[in-house]
Amino acid sequence: MTVVCVPDSNARGLLGALPDEVEVIVWNGEGEKPERLAETVFWVPQVEDSTNLAEKFAAMPKLEVTQLTSAGVEDILEHVPDGVTLCSARGVHGPAVAELVLAVVLATLRRLPHFGEAQRQGRWDPMEADDLRDKRVLIIGAGDLGEQTARRLRSFDAVPVLVAHTARDGIHATSELPSLLPGADVVVLTVPLTPDTTGLVDAEFLSRMPDGALLVNVARGKVVDTSALLAELTTGRLRAALDVMEPEPLPADHPLWNAPNLIITPHAAGSIAQSGPRAFALVNAQVRRYVAGEDLVNVVKAAA
């Protein structure tokens, strides 16, 4: 019998039917341990689970696969024991996050925050806006999310420019950013959080962006130096849209709340009704591959 552990009863329902030789147990990593937890070979943690990971892995000594329901792996990667394969949910949330990128870019260019405030105040206040046609959009992070974002931008006749750590066909290297940033109308951050990307967007980075440019962060809050960004927003030189920020949740008295030229969404880019069913459709397929002895997809760290 193949024992699969999921974090809650809702996840069990979303997982759906599995082969008869699969037994599914529920454990959120806390409280009483279910029977056969020690027999678990396939584990689906809670989203962005980063607490007491050593103890959780120790409770499943036969574990062979950890399957995430998120694309980000930084919370768990360094804790995965040798002998355990780690898989991400790459491709599941990219479309939803890319849609939010498009939404906040269009909202900013078409001055929707201005018109929304005028509506609340009962003011008829026309203002000239802008569109996406021919806009140069620098997308830093050329994985699934970056590609999904670029595809949507092209449909609006924008010009996406993809950037990755290492250059490859059609994609620039991050070492080229000093020369790329001055020509960018919009900069979109879709990179994973790594030592190289932590603090990537600092005062120098922002200073290279042209006046009026828009920064969109759907990566991780620590990619951006919050103080440096606040300084640019306060002067009115740059605009921004942040779905992630540092710290999170953002305290009620944080100056970002009142910063001009800023749209804030509370880490909600992937929070759509379809995200759970789509993520667990992937989990179901991965369990079936595991049982059949087939190669898993989205492998981030192979068993050593």
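The values are calculated or read from the model by the stated rules, or taken from the named source; none is laboratory data. If you're wondering where the values come from, they're calculated on a predicted model, not measured in any experiment. When we count neighbours, we look across all protein chains shown, and the Cβ atoms used for this are built from the backbone with ideal geometry, even at glycine. Keep in mind that these areas ignore ligands, DNA and RNA; they rest on the heavy atoms of the full protein, side chains included. Shrake-Rupley method; radii C 1.70, N 1.55, O 1.52, S 1.80 Å.
Among residues of segment 74-91 that are outside the structural domain of residue 281 (by the TED database) and farther than 18 Å from residue 282 by Cβ, none has a Cβ under 9 angstrom from a residue that is open to solvent by 10 Å² or more (accessible area, probe 1.4 Å) and part of a loop (DSSP other than H, G, I, E, B) at a sequence gap of 6+ or on a separate chain.
Give 193, 262, 181 a once-over and let me know the one that is at pLDDT below 95 and either over 18 Å from the mean Cα position of the chain (by Cα) or closer than 27 Å to residue 167 by Cα (or both).
Details: 262 fails: at pLDDT below 95; 181 fails: at pLDDT below 95.
Sole residue among the options that is at pLDDT below 95 and either over 18 Å from the mean Cα position of the chain (by Cα) or closer than 27 Å to residue 167 by Cα (or both): 193.
Yes/no per residue for (1) under 17 Å from residue 182 (Cβ atoms); (2) open to solvent by 10 Å² or more (accessible area, probe 1.4 Å); (3) in a loop (DSSP other than H, G, I, E, B); (4) charged (D, E, K, R):
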| position | (1), (2), (3), (4) |
| --- | --- |
| 207 | yes, yes, no, no |
| 216 | no, no, no, no |
| 231 | no, yes, no, no |
| 237 | yes, yes, yes, yes |
| 246 | no, yes, yes, yes |
| 250 | no, yes, yes, no |
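Residue 63 passes all but one of (1) assigned to a loop (DSSP other than H, G, I, E, B); (2) closer than 19 Å to residue 282 by Cβ; (3) in contact (Cβ under 8 Å) with a residue 40 or more places away in the chain; which number fails? (3) is the only condition that residue 63 fails. Regarding segment 98-109, can at least one residue be identified that is in a loop (DSSP other than H, G, I, E, B) and either in the same structural domain as residue 213 (by the TED database) or surrounded by 21 or more Cβ atoms within 10 Å (Cβ to Cβ) (or both)? Checked against the condition, which is being in a loop (DSSP other than H, G, I, E, B) and either in the same structural domain as residue 213 (by the TED database) or surrounded by 21 or more Cβ atoms within 10 Å (Cβ to Cβ) (or both), segment 98-109 yields no hits at all. With respect to the conditions (1) open to solvent by less than 30 Å² (accessible area, probe 1.4 Å); (2) not assigned by the TED database to the domain that holds residue 68; (3) not hydroxyl-bearing (Ser, Thr, Tyr), residue 133 falls short on a single one, namely (1). Within segment 158-169, residues that are open to solvent by 90 Å² or more (accessible area, probe 1.4 Å) have Cβ atoms under 8 Å from residues that are hydroxyl-bearing (Ser, Thr, Tyr) in these pairs: 165/174, counting only partners at least 6 apart in sequence or on another chain. Identify all residues within segment 252-292 that are aromatic (Phe, Trp, Tyr) and not in a helix (DSSP H, G or I); write none if there are none. Once the filter is applied, which keeps residues that are aromatic (Phe, Trp, Tyr) and not in a helix (DSSP H, G or I), segment 252-292 yields nothing.
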